[in-house]
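The block underneath contains the structure these notes are about, expressed in structure tokens.
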Amino acid sequence: MIITRSPLRISIGGGGTDLPSYYLRHGGFLVAMAIRKHVYVSLQRRFDPGYLLKYSRIEMGTDFSEIHHPIIREALKLMEIREVDIEITSVADVPAGTGLGSSGSFTTALLRALAIFQRRYMETRDIAERACEIEIDRLGEPTGKQDQYIAAFGGLTAFTFNPDDSVYVEALDISDSTYADLEENLLLFFTGRIRTASEILKEQNDKSNDLDGSMIANLSRVRDLGYRTREAFLKGRLSEWGEIMLEHWEAKRRRSESMSNPQIDEWYDLAMRNGAVGGKLVGAGGGGFLMFYAHDSRKLREAMTKARLKELRVEMDVEGTMALNR
């Protein structure tokens, strides 16, 4: 049995500028952090004929073209897997639809498992690029490259998305004291709302392709906030990052009416009154996790727990996509 895993992620700053509809014309930039919550994939041969797929549902068959799960189907095609007698299982620490990039994590973990199955070595960058090819090019999803790249590389990483479609990867070298500050004062709370990002991202994608002036200006501002985020981390000024997140959230809300709702706004205001410097929804918006940087983490934790929001403790994952038993 081959077992692989990829980390989930939080978008630290600049999120949304990784969509081709924006960066191919203007260049994108963001900072993301892989966290120690993972998607796991196991793969093994079967004694019985045909494939067996286990995820949120179970699929069985004898022809890969019949597979309903689009990422599994396209990954098998891309990697030119011929053996049909295989079993693929996927489980995750956090449900899909919560804004932590689970689709990119699943795709990269699956590609690593398939490469090992074929006794092939794949570079980390190759895994990220092939995962992007599956989701963006083959499946036509209105998504960006952030999730696949941060899942593959791990760590606290800045990505520059160039108009020539190349990606520059920079691991941010922060001090031990900055990392300790981050672990103490970065808090995530689950809103209880699970949603697919496609609808919100499609709206952004369509407006960017139509050269909508307000959308382009919004994303360019968010890209600049990403640059400022990078500098704040490198200089150990995390309170400054909290203030940047407040600006980011205001810009993010203006991108779509579906980005927030009255309940999320109420929780956000509660956090700002109880120790938060700034925060935002992680991912495309509409639900998932609220992320805050706090000057008083204890007060913030108590207030949000009283409001019945469940906290997800955050630690950095520095390993990226990896095999657990090879």
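Would you confirm, using the coordinates I've provided, whether Arg223 is closer than 22 Å to Ala303 by Cβ, basic (Lys, Arg) and part of a helix (DSSP H, G or I)?
no
Has region 80-93 got at least one residue that is outside any strand (DSSP E or B), open to solvent by 10 Å² or more (accessible area, probe 1.4 Å), in contact (Cβ under 8 Å) with a residue 24 or more places away in the chain and touching a His at 6+ places or on another chain (Cβ under 9 Å)?
Yes, region 80-93 has at least one match.
Between a residue in region 264-288 that is free of Cβ contacts under 8 Å to residues at least 24 places away in the same chain and any residue that is of a type in the set (Ser, Thr, Tyr), which pairs come within a Cβ distance under 9 Å, given they are 6 or more apart or on different chains?
The qualifying pairs are Tyr268/Ser260.
Out of all the residues in region 302-312, is one or more surrounded by 15 or more Cβ atoms within 10 Å (Cβ to Cβ) and part of a helix (DSSP H, G or I)?
yes
Take the residues of region 55-79 that are under 13 Å from Ile134 (Cα atoms) and not in a helix (DSSP H, G or I): which is farthest from the chain's Cα centre (by Cα)?
Met79
Would you mind telling me which numbered condition in (1) outside any helix (DSSP H, G or I); (2) open to solvent by 70 Å² or more (accessible area, probe 1.4 Å); (3) in contact (Cβ under 8 Å) with a residue 24 or more places away in the chain Glu243 fails?
(1)
From (1) surrounded by 19 or more Cβ atoms within 10 Å (Cβ to Cβ); (2) closer than 20 Å to Leu30 by Cα; (3) over 14 Å from the mean Cα position of the chain (by Cα); (4) not charged (D, E, K, R), pick out the condition that doesn't hold for Ala131.
(3)
Considering only residues that are open to solvent by 10 Å² or more (accessible area, probe 1.4 Å) and under 18 Å from Gly14 (Cβ atoms), which ones fall in region 257-288?
Gly283, Ala284
Would it be correct to say that Lys202 is outside any loop (DSSP other than H, G, I, E, B), open to solvent by 60 Å² or more (accessible area, probe 1.4 Å) and without any contact (Cβ under 8 Å) to a residue 24 or more places away in the chain?
Judged against the criteria, Lys202 is not a match.
I want to confirm something. Restricting to region 27-54 and keeping residues that are open to solvent by 10 Å² or more (accessible area, probe 1.4 Å) and assigned to a strand (DSSP E or B), which single residue is nearest to Val318 (Cα to Cα)?
That would be Arg36.
Which numbered condition trips up Leu24, out of (1) outside any strand (DSSP E or B); (2) open to solvent by less than 30 Å² (accessible area, probe 1.4 Å)?
Answer for Leu24: the failing condition is (2).
Out of Arg228, Arg193, which single residue is open to solvent by 60 Å² or more (accessible area, probe 1.4 Å) and not in a loop (DSSP other than H, G, I, E, B)?
Just a single option satisfies the conditions, and that option is Arg228.
For a quick check of your reading: which helices (runs of 4 or more DSSP H) sit entirely within region 97-170 and have at least 2 residues that are within 25 Å of Leu234 (Cβ to Cβ) and modelled with pLDDT of 95 or more?
The qualifying helices (runs of 4 or more DSSP H) are 124-132, 146-153.
Take Ile71 and decide whether it is open to solvent by less than 30 Å² (accessible area, probe 1.4 Å) and more than 30 Å from Leu225 (Cβ to Cβ).
yes
Considering only residues that are surrounded by fewer than 18 Cβ atoms within 10 Å (Cβ to Cβ) and touching a residue at least 24 places away in the same chain (Cβ under 8 Å), which ones fall in region 97-123?
Correct list: Gly97, Phe117, Gln118.
The values are calculated or read from the model by the stated rules, or taken from the named source; none is laboratory data. Just so it is clear, the model here is predicted, and its values are computed rather than measured. In this analysis, Cβ positions are derived from the backbone assuming ideal geometry, glycine residues included, and neighbour counts consider all displayed protein chains. The accessibility values were calculated without ligands, DNA or RNA, using every heavy atom of the protein model including side chains. Shrake-Rupley method; radii C 1.70, N 1.55, O 1.52, S 1.80 Å.
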